[in-house]
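Following: one structure in structure tokens, then a few remarks.
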Number of protein chains: 2
Amino acid sequence: MARPKEFEPQIALERAMDVFWRKGFEATSVQDLVNEMGINRASLYSTFGDKHSLFMAALDRYSESVTGPMVEQLQAEGPAKEVISGLFRSLVGGTRASEAQPGCLMTNSAVELCQRCPETAERVTKSMERVSKGFAKVVARGQEAGEIPTSQSPRALGRFLCGALQGLVVLSKANQSRAVLSDYVGVVLSVLET
Amino acid sequence: MARPKEFEPQIALERAMDVFWRKGFEATSVQDLVNEMGINRASLYSTFGDKHSLFMAALDRYSESVTGPMVEQLQAEGPAKEVISGLFRSLVGGTRASEAQPGCLMTNSAVELCQRCPETAERVTKSMERVSKGFAKVVARGQEAGEIPTSQSPRALGRFLCGALQGLVVLSKANQSRAVLSDYVGVVLSVLET
DNA sequence: CCGGTCTTGGAACGAGCGGTCGAGAATGGG
DNA sequence: CCCATTCTCGACCGCTCGTTCCAAGACCGG
């Protein structure tokens, strides 16, 4: 009964997420978004509201399409320690100078916006809780299997691993050297050893 | 032989550093700087150059007045483990919801700018190397004294502690809860135990 | 094949951005 | 005391920001 949209909102949102992921909130202009989402300015505003609302939608989308799968992957079968070390080592491996990985959108947003945007803070906090709990779950499984020492609670270890992940992201932004990241991850994983 | 400046450049720079520290580079306008530095716009430009140059000067100043003393404090006398745990625990303690601590300017800048500003990246990388080496030094001392196990090299532990510090800063931005930060720091410090 | 409804494109808005400029005030050497 | 020099002040520059608006275009039920 009326003209249909010429674009897929989900895809456009995914592209917006990519831009925010790469450049951050402040450094991304609406023109950047228009260019990279491939839609018109008016369509952007009528579909997603203003820049801030679009950013919130991008955070939610990130939570679904990046954080979610990562946490799910943590529940994969196999030795718990290998699941965890696999995640950390894959991040070190992916950090080549050429790739210029954008790190983690939640980490970036935590640093850039959390202190002056409660809506962002709420989403970031929830995301990190989810990651912590995902880690805690696999740690508990590893402890039950006798792989991981029980001197620390799964909850504490989960929180530690979540924070250690944030640290890794920051380090990899600041320092391209794989040696530094390898040393870091090696010590992080050593807390799971007897 | 001419009219002298009515302000102390060092003090003005310190105030600029505070603003950048609190709000980040992009979110700080020149007007913000003019207001908070207490000097005129033209004085700002004639003394510090453009916004980018001023930011670089602020980074250098931060390195001197914040990073430097912190690294020095790491070389204080007393049991090495207590020196390290004191640093971490003081950051947890300082993180009350009311204080709204601005975290670490180097961490913030690493996340916000490192990927698109080589001059920032250089300063951030150097700063983190300094912190890593500071940690490594006190770790080595602790190992020689038999306080800290020697299963990991001082260099690796130094790099780990530096990264763990970044993680702590991000966590404290994202989550006001002291329980989370305490759990995190507890596990971090556990790698220094036998 | 028309009419109503929604999308699209692009111009335009005021506000604020980073940065500049010229006139006037304040200084200290000669 | 005077003048060259420097600093201070606020207006002002062109530009880009996020956002709005409207006319033209595209669609589909009737």
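The values are calculated or read from the model by the stated rules, or taken from the named source; none is laboratory data. Worth saying up front: this structure is predicted, and the values here are computed from it rather than measured. Methodologically, a virtual Cβ is constructed for each residue, glycine included, from the backbone with ideal geometry; neighbour enumeration extends over all protein chains shown.
Okay, here's what the table says:
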item: Candidate set from the stretch A:19-39 (those that are within 14 Å of chain B (Cβ to nearest Cβ) and more than 13 Å from DNA strand D (Cβ to nearest atom)); member that is nearest to the chain's Cα centre (by Cα); result: A:W21
item: Residue list for the stretch B:40-78, filter: of a type in the set (S, T, N, Q) and away from DNA strand D (no atom under 11 Å from the Cβ); result: B:S53, B:S63, B:S65, B:T67, B:Q73, B:Q75
item: Among (1) within 28 Å of A:V19 (Cβ to Cβ); (2) β-branched (V, I, T); (3) more than 8 Å from chain A (Cβ to nearest Cβ), the one test that B:T194 misses; result: (1)
item: In the stretch A:1-18, residue farthest from DNA strand D (Cβ to nearest atom) [restricted to those that are among the charged types (D, E, K, R) and part of a helix (DSSP H, G or I)]; result: A:E14
item: Filter result (closer than 20 Å to A:N108 by Cα, of a type outside the set (A, V, I, L, M), at the interface with another protein chain (Cβ under 9 Å from one of its Cβ atoms) and not in a loop (DSSP other than H, G, I, E, B)) within the stretch A:143-183; result: A:R159, A:F160, A:C162, A:G163, A:Q166, A:G167, A:K173
item: Failed item, numbered, when A:S90 is tested on (1) of a type in the set (G, A, S); (2) more than 20 Å from B:L171 (Cα to Cα); (3) in a loop (DSSP other than H, G, I, E, B); result: (3)
item: Filtered residues of the stretch B:118-171 (kept if buried (at least 24 other Cβ atoms within 10 Å of the Cβ) and polar (S, T, N, Q)); result: B:S127, B:S132, B:Q166
item: Filtered residues of the stretch B:77-121 (kept if among the small types (G, A, S) and at pLDDT below 95); result: B:G78, B:S90, B:G93, B:G94, B:A97, B:S98, B:A100, B:G103
item: Out of A:V71, A:V111, sole residue that is surrounded by fewer than 20 Cβ atoms within 10 Å (Cβ to Cβ) and either under 26 Å from A:L192 (Cβ atoms) or aliphatic (A, V, I, L, M) (or both); result: A:V71
item: Single match in B:G78, B:G38, B:G49, B:G24 (criterion: touching a helix residue (DSSP H, G or I) at 6+ places or on another chain (Cβ under 6 Å) and on the phi > 0 side of the Ramachandran plot); result: B:G24
item: Residue within the stretch B:43-55 that is in contact with a Gly (Cβ under 8 Å, 6 or more places away or on another chain), closer than 15 Å to B:T120 by Cβ and not in a helix (DSSP H, G or I) present; result: no
item: Long-range neighbours under 6 Å by Cβ, at least six apart or interchain, first residue farther than 15 Å from B:D183 by Cα within the stretch A:148-177, second surrounded by fewer than 24 Cβ atoms within 10 Å (Cβ to Cβ) and of a type in the set (V, I, T); result: A:P149/A:T194; A:S172/A:T95; A:A174/B:T125; A:N175/B:T125
item: When residues of the stretch B:1-21 are limited to those that are within 15 Å of B:N35 (Cβ to Cβ) and within 15 Å of DNA strand C (Cβ to nearest atom), the one modelled with the lowest pLDDT; result: B:F7
